2 protein chains.
Amino acid sequence: MTEHVEGRLLIIGGAEDKKNECKILKRFVQEAGGKESRITVLTAATELPLQVGNEYHSLFLELGAREVQVLDVSDRIQANRRGIGKEFENSTGVFFTGGDQLRITGLLGGTILGSTLQQLYERGVIIAGTSAGASVMSDTMIVGGEAGTAKKDSLTMAPGLGLLRSVVIDQHFAQRGRIGRLLSAISHNPYVLGVGIDEDTAILVQDDARFTVVGSNTVTVADASSSTTTNVSETSPGQSLVLSPILLHVLSDGYGFDLKRRESLL
Amino acid sequence: MTEHVEGRLLIIGGAEDKKNECKILKRFVQEAGGKESRITVLTAATELPLQVGNEYHSLFLELGAREVQVLDVSDRIQANRRGIGKEFENSTGVFFTGGDQLRITGLLGGTILGSTLQQLYERGVIIAGTSAGASVMSDTMIVGGEAGTAKKDSLTMAPGLGLLRSVVIDQHFAQRGRIGRLLSAISHNPYVLGVGIDEDTAILVQDDARFTVVGSNTVTVADASSSTTTNVSETSPGQSLVLSPILLHVLSDGYGFDLKRRESLL
C-alpha cells in the first residue's frame with residue numbers, strides 16, 4: 001500500500017500567458033508561498049536553458065517570489081553531483097520548463113535530483129510543469145504521436161516521473177488537435193484517465209485526488225473505463241481505433257474534477 | 001407525428017478516396033442500384049461546377065453506374081425552372097459535392113428542386129454528400145467556426161436540408177481538429193447528437209435510425225444529453241465551454257450506431 005501523499009501539482013498545457021495577467025504563473029508563485037517562496041526552475045527539457053531559465057527567473061521575481069534559482073542539468077553526472085540535493089531541497093516550488101519530455105526523465109530518472117524531487121513532492125512542495133514539463137508528471141507519459149484520427153499505436157509512450165498516478169496527460173491539446181492520440185493512449189488500458197490540457201490552461205492537483213482548472217481555455221478528461229466496444233486487441237498498428245462509450249468532461253477555469261470518483265465537481 | 005421514412009443517406013467527411021479502392025464512392029453506386037443506377041450529381045455547393053461535376057461524372061461511370069447526369073444549378077430561378085423535377089425525379093442516387101453549405105441551402109431551399117429531393121429521399125433513393133454536402137443533411141447545420149478549444153458561440157449555424165433529424169454533422173473532423181466546435185454546437189441543445197466524420201470516412205444512415213461506418217478513418221459521436229455540468233447559459237460569447245459528462249463513441253469501418261437508442265451496435 002502506498003502512503004497518503006500531500007502532493008500538489010500544477011500541470012500546464014504550454015504557452016501560458018507571460019505578458020498580461022499571468023494568471024497561471026501567478027498562481028504558481030502563490031502556491032509556492034508568495035513572498036516567502038523559494039523557487040527552483042528546472043530547464044532540463046529545453047536545449048535553450050539559459051534563455052528559457054532567464055525568462056522564468058525574471059517572471060517569478062516580478063510576480064513576487066522571494067528567491068528564484070535556475071538549475072540547469074544537462075547530463076546525469078550533474079544530476080548526481082554532490083551537494084545538488086542541498087541546493088534543491090529548500091525549494092518551496094519547482095518549475096519544469098517545456099522542451100522534450102525524454103530529456104527530463106532521461107536526465108533525472110534514478111538520480112539524486114530525481115529522488116530529491118520525489119521527497120519535495122511528498123512534503124507538499126508544489127511541482128509545476130509546462131508543455132513537456134506537464135507530460136512528465138504521470139506514471140506513463142505520451143512522448144510523441146500525430147494529430148488527427150485515433151489510430152492504434154499512432155503514439156509513443158514512456159515511463160514518466162510518476163507523481164500523478166493512473167492518469168496520462170497531453171498538452172497543447174485543442175490547439176494541436178490531440179484528442180485522437182489521447183484516446184489511443186487510454187485505449188491501451190482504460191483504467192488510466194486521459195487528461196488533455198489546452199494552452200494557457202492548467203490543472204492544480206491536490207492530494208493526488210482532485211484538480212481545479214486555472215486559465216483561459218479548457219481541460220478535457222477522457223474516461224474509457226466503462227467502454228464495451230473496442231478493437232484495440234484485434235487491429236493491426238495504424239488502423240483506426242474503435243472505442244465506445246467514452247465519458248468526456250470539458251472543464252474551464254474554476255471548475256473541478258475528482259480523479260478517484262471520475263466525475264466533475266459542481 | 002411524422003411518417004416513417006425509408007430514407008437512406010451516405011454522409012461523407014470530405015476528401016474521399018477517388019484514386020485507389022474508392023470504397024465510399026463504390027458503395028454509393030452500389031446503394032444507388034449499381035449497373036441499374038441513374039445518378040444525379042448536384043454541384044450547387046462548388047464554384048467550380050464544371051470541373052468537379054466532370055470528375056464525379058467520370059468516376060461514377062467507371063465505378064459501374066448506368067447513367068450519370070450533372071445538374072448545375074447556380075441560381076434559384078434554375079432550381080425552379082419548368083421541367084427540373086422531371087430531369088431529377090428518375091434518379092436512383094443523388095450526390096452533393098463539396099464547397100459551401102450555404103450555397104446548397106440558399107439555392108435549393110423552398111424550390112422545386114428542393115422538394116423533389118425530399119420526395120426522392122422519402123421514396124428511399126440514396127442521397128449522398130461530401131464535405132459541405134455532408135453538413136447540409138441535418139436539421140441544423142454547422143456553417144463555420146474555428147478549430148481548437150470549445151468556446152461559447154465560436155461557430156455559426158443555419159437551417160440545413162433536414163433529411164436527418166436531431167443530429168448535427170461536422171466533416172474533415174479529426175483532420176481539422178473540430179471536436180471543440182462540435183461540442184459547442186451540441187451544448188446549445190444537448191438533445192441533438194453530434195456526429196464528426198473524418199476525411200475518407202462516411203456514415204451510411206438507414207431508416208433515419210442507424211448508421212454503419214464506411215471508410216478508412218473514424219466517426220465520433222458526441223452525446224451530451226446526460227450532461228449535468230455546463231456553463232452554456234451563463235457565460236459570455238467567446239468564453240471557454242464547460243460540458244460534463246459527454247458520452248463519446250469512436251467508431252471505424254464496419255461498426256454501427258443506433259441514433260435513437262444512442263449506443264453503438266456490436
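Which of the DSSP-defined H helices in chain B satisfy a minimum axial length of 18 Å, computed from C-alpha atoms, and a minimum mean Kyte-Doolittle hydropathy of 1.0?
Working: long enough: B:49-62 (19 Å, -0.21).
Length and hydropathy pass: none found.
Under the definition of partner shielding as Cβ atoms of other protein chains within 10 Å of a residue Cβ, what is the mean value for peptide B:208-219?
On the way: counts 0, 0, 0, 0, 0, 2, 0, 1, 3, 7, 10, 2.
Mean shielding by partner chains, rounded to a whole number: 2.
Please compute, for peptide B:126-134, the average count of beta-carbon atoms on other protein chains lying within 10 Å of each residue's beta-carbon. Don't skip to the end; give the middle numbers.
Values: counts 0, 0, 0, 0, 0, 0, 0, 0, 0.
Average per residue, whole number: 0.
Taking H as built 1.01 Å from N, whose amide H comes closer than 5 Å to the amide H of A:GLU263, not counting residues under 5 places away?
A:ASP258
Would you grab the residues whose amide H sits under 5 Å from the one on A:MET141? Only those 5+ places off in sequence or on another chain, please, with H modelled 1.01 Å from N.
A:ALA158, A:GLY160
Ignore the peptide's own chain and count Cβ atoms of other chains within 10 Å of each Cβ in B:192-203; give me the average, rounded. Before the final figure, lay out each step's value.
Working: counts 0, 0, 0, 0, 0, 0, 5, 2, 1, 2, 0, 0.
Taking all residues of B:192-203 together, the mean is 1.
Using alpha carbon centroids, what distance separates region A:31-81 and region B:55-74, in Å?
A separation of 65 Å, based on Cα centres.
Under 14 Å from a label point 7 Å along Cα→Cβ of A:ASP72: give me every residue in region A:8-52 with its amide N that close.
Under cut-off, by backbone N: A:41-52.
Compute the signed sum of charges (Lys and Arg +1, Asp and Glu -1) over the other residues within less than 14 Å, Cβ to Cβ, of A:THR46.
Working: positive: A:ARG103; negative: A:GLU47, A:GLU55, A:ASP72, A:ASP100.
Summing Lys/Arg as +1 and Asp/Glu as -1 gives -3.
By counting other Cβ atoms within 10 Å of each Cβ, how are B:TYR191, B:TYR121 ranked from fewest to most? Present the calculation step by step, with values, prior to reporting the outcome.
Numbers: B:TYR191 10, B:TYR121 23.
So the ranking, lowest neighbour count to highest, is B:TYR191, B:TYR121.
In the calculated pair distance distribution of chain A, what percentage of Cα-Cα distances lie above 24 Å?
Values: 15873 of 35245 pairs.
Summing the P(r) tail past 24 Å for chain A gives 45 percent.
Calculate the FRET efficiency for B:ALA158 and A:LEU48 from the Cβ-Cβ distance with a Förster distance of 45 Å, rounded to the nearest 0.05. Please report the intermediate quantities before stating the final value.
On the way: r = 47 Å, r/R0 = 1.05.
Computed FRET efficiency for B:ALA158 and A:LEU48 comes out at 0.40.
Could I have the simple spin-label model distance between A:GLU87 and A:ASP17, label points 7 Å from Cα toward Cβ, reported in nm to one decimal?
3.4
Between A:THR229 and residues 5 or more places away or on another chain, which pairs have amide H atoms under 5 Å apart, with H built 1.01 Å from N, and which residues are they?
A:SER244
Once the mean 1/r over all distinct Cα pairs of the protein assembly as shown is inverted, what Kirkwood radius in angstroms do you read off?
Working: mean 1/r = 0.0405 Å⁻¹.
Kirkwood hydrodynamic radius for the protein assembly as shown: 24.7 Å.
Taking square-rooted eigenvalues a ≥ b ≥ c of the alpha carbon gyration tensor, is region A:1-148 rounded, prolate or oblate, where a/c under 1.5 means rounded and, failing that, a/b exceeding b/c means prolate? Before the final figure, lay out each step's value.
Values: a/c = 1.25, a/b = 1.07, b/c = 1.17.
Judged from the Cα gyration tensor, region A:1-148 comes out rounded (a/c under 1.5).
Hey, what did region B:9-265 get for relative contact order, percent, Cα under 8 Å, at least 6 apart? It would help to have the intermediate numbers written out before the result.
Details: 647 pairs, mean separation 47.4, N = 257.
Relative contact order of region B:9-265: 18 percent.
Ratio to report: Rg/Rh of region B:168-266, with Cα atoms as the point set and Rh obtained by the Kirkwood method; give two decimals.
Details: Rg = 13.7 Å, Rh = 13.8 Å.
A ratio of 0.99.
At a 10 Å Cβ-Cβ cut-off, how would you order A:HIS57, B:HIS249, fewest neighbours first?
Details: A:HIS57 16, B:HIS249 24.
Ascending Cβ contact count within 10 Å gives the list A:HIS57, B:HIS249.
Can you sort A:PHE173, B:PHE257 by how many other beta carbons sit within 10 Å, fewest first? All intermediate terms of the calculation are to be shown ahead of the outcome.
Values: A:PHE173 30, B:PHE257 24.
Ordered by Cβ neighbours within 10 Å, fewest first: B:PHE257, A:PHE173.
How much space per residue, in cubic angstrom, does the convex hull of the C-alpha atoms of region A:72-180 take up?
On the way: hull volume 10.9 nm³, N = 109.
So the per-residue hull volume is 100 Å³.
Bear in mind these aren't lab numbers, they're just calculated from the coordinates by the rules spelled out. Since the structure is predicted, the reported quantities are computational estimates derived from the model, not experimental observations. Note: ideal-geometry Cβ built from the backbone for every residue, glycine included; neighbour counts use all protein chains shown.
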